Amino acid sequence: EGIDGQGPLSELEDQLFRFERALDASPELTQVLTSRDLPVEARAGVVHDLLAERALDATRRLATYLTHVGRPRDYLELLQALVARIGEEAHRRVALVRSAVALTAEQEDRLSAALSRIVGQQVDVRVTVDPTVLGGFVATIGDTVVDASVRHRLDLLRERLTTLPEATTI
């Protein structure tokens, strides 16, 4: 299960996901790769140089190819779609999980198993620490969102309290 003998799809997917997370964490680099003002060759060169020594050849080629398709501003979305598509090809789904804190390997395994039961397919968890999530997590698997955050639970509680029928007084 590889691409031109370059390794398993899961490694390719993981490298592209980590590259996408690195871009997401660097506004300056994201601006360079999504700029209409830079020629395609310059953006492709940046991607190639960033991944040259750190990734499979297939990872570098795919990430570089994405600079040649679509609009520059869509680069990150294209990269995310590619990660999801590779997961589908490997008969797995990828859950993009935002959590207030980093999860232990055991917590990731339990979360992966729970999400797999929800969607009925093997789910690989990709966790990003997001301080805006006050507690719990928010997982996105394709079009499915599982919001187990503290903020969501408080919103549900507020809604229930405000919609309770008025108590009748005697």
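What does the accessible area of LEU38 come to, in Å² to the nearest 10, when a probe of 1.4 Å is used?
Answer for LEU38: close to 60 Å² accessible.
State the Cα centre-to-centre distance between region 106-170 and region 29-78 in whole Å.
When both Cα centres are located, 34 Å separates them.
In region 15-70, what percent of the accessible surface is made up of carbon and sulfur (1.4 Å probe, ligands and nucleic acids excluded)? The partial results should precede the final answer.
Details: 1670 of 3140 Å².
Its accessible area is 53 percent carbon and sulfur atoms.
Quick one: Karplus J couplings for region 154-160, per residue in order, coefficients 6.51, -1.76, 1.60, θ = phi - 60°, nearest Hz, x for Gly and Pro?
Result, ordered by residue: 5, 4, 5, 5, 4, 4, 5 Hz.
Can you sort ARG71, ARG61 by 1.4 Å-probe accessible area, starting with the largest?
Highest to lowest solvent-accessible surface, that is ARG71, ARG61.
Compute the acute angle (0 to 90°) between the alpha-carbon long axis of helix 9-24 and the principal axis of greatest extent of the alpha-carbon atoms of the chain; round to the nearest 10°.
Around 80 degrees separate the two axes.
Counting only GluC sites (Glu not before Pro) that are in a DSSP loop and have at most 12 other C-beta atoms within 10 Å, tell me the longest site-free stretch of the chain.
After excluding every exposed loop site, the longest remaining stretch is 54-165.
Leaving ligands, DNA and RNA out of it, rank ILE118, ILE86 by accessible area with a 1.4 Å probe, largest first.
Sorted descending by solvent-accessible area, the residues read ILE118, ILE86.
How much mean residue ellipticity at 222 nm does the chain get from its helices, if each DSSP H run of length 4 or more adds -39500 (n - 2.57) and you divide by all residues, to the nearest 500 deg cm²/dmol? Intermediate results must be reported in sequence, preceding the final value.
Values: 7 runs with 87 residues, N = 170.
Estimated from H runs of four or more residues: -16000 deg cm²/dmol.
With +1 on the Cβ of every Lys and Arg and -1 on the Cβ of every Asp and Glu, and nothing else charged, how large is the dipole of the chain about its Cα centre, in debye rounded to the nearest 20?
For this selection, approximately 400 debye.
Hey, in the GNM for the chain with a 10 angstrom Cα cutoff, which one of LEU154, LEU66, LEU96 fluctuates hardest?
Of the options given, LEU154 has the highest mean-square fluctuation.
Under 5 Å between amide H atoms, partner at least 5 residues away or on a different chain: which partners does ASP124 have, H built in plane at 1.01 Å?
ARG93, VAL94, ALA95
Between HIS48 and LEU76, what is 0.36 nm times their sequence separation minus the Cα-Cα distance? Round to one decimal in nm.
My answer for the length gained is 8.5 nm.
Which residue fluctuates most in the GNM of the chain (Cα springs below 10 Å): ALA25, ALA55, ALA113?
ALA25
Please say if region 9-63 is rounded, prolate or oblate, where rounded means a/c under 1.5 for a ≥ b ≥ c the square roots of the C-alpha gyration tensor eigenvalues, and otherwise the choice is prolate for a/b larger than b/c and oblate otherwise? Write down the numbers at each step before the final one.
Details: a/c = 2.43, a/b = 1.50, b/c = 1.61.
Cα axes put region 9-63 in the oblate bin.
Please give the FRET efficiency for THR163 paired with ARG110, using the beta carbon to beta carbon distance and R0 = 45 Å, rounded to the nearest 0.05. If you can, show how the numbers build up before the last one.
Working: r = 33 Å, r/R0 = 0.73.
It comes to 0.85.
Taking the solvent-accessible surface of protein heavy atoms with a 1.4 Å probe, what is the per residue accessible area of the chain in Å²?
63
Run the accessible area of region 95-161 with a 1.4 Å probe and give the carbon-and-sulfur part as a rounded percent.
On the way: 2290 of 4210 Å².
Answer for region 95-161: carbon and sulfur cover 55 percent of the accessible area.
Going from most exposed to least, what order do THR59, THR64 have by accessible area with a 1.4 Å probe?
I get THR64, THR59, largest accessible area first.
The values are calculated or read from the model by the stated rules, or taken from the named source; none is laboratory data. Bear in mind that the values here come from a model prediction, so they are computed numbers and not experimental data. A quick note on method: Cβ atoms are made from the backbone with ideal geometry, for glycine too, and the neighbour counts reach across all protein chains shown. Heads up: the accessible areas ignore ligands, DNA and RNA and are worked out on the full protein's heavy atoms, side chains in. Shrake-Rupley method; radii C 1.70, N 1.55, O 1.52, S 1.80 Å.
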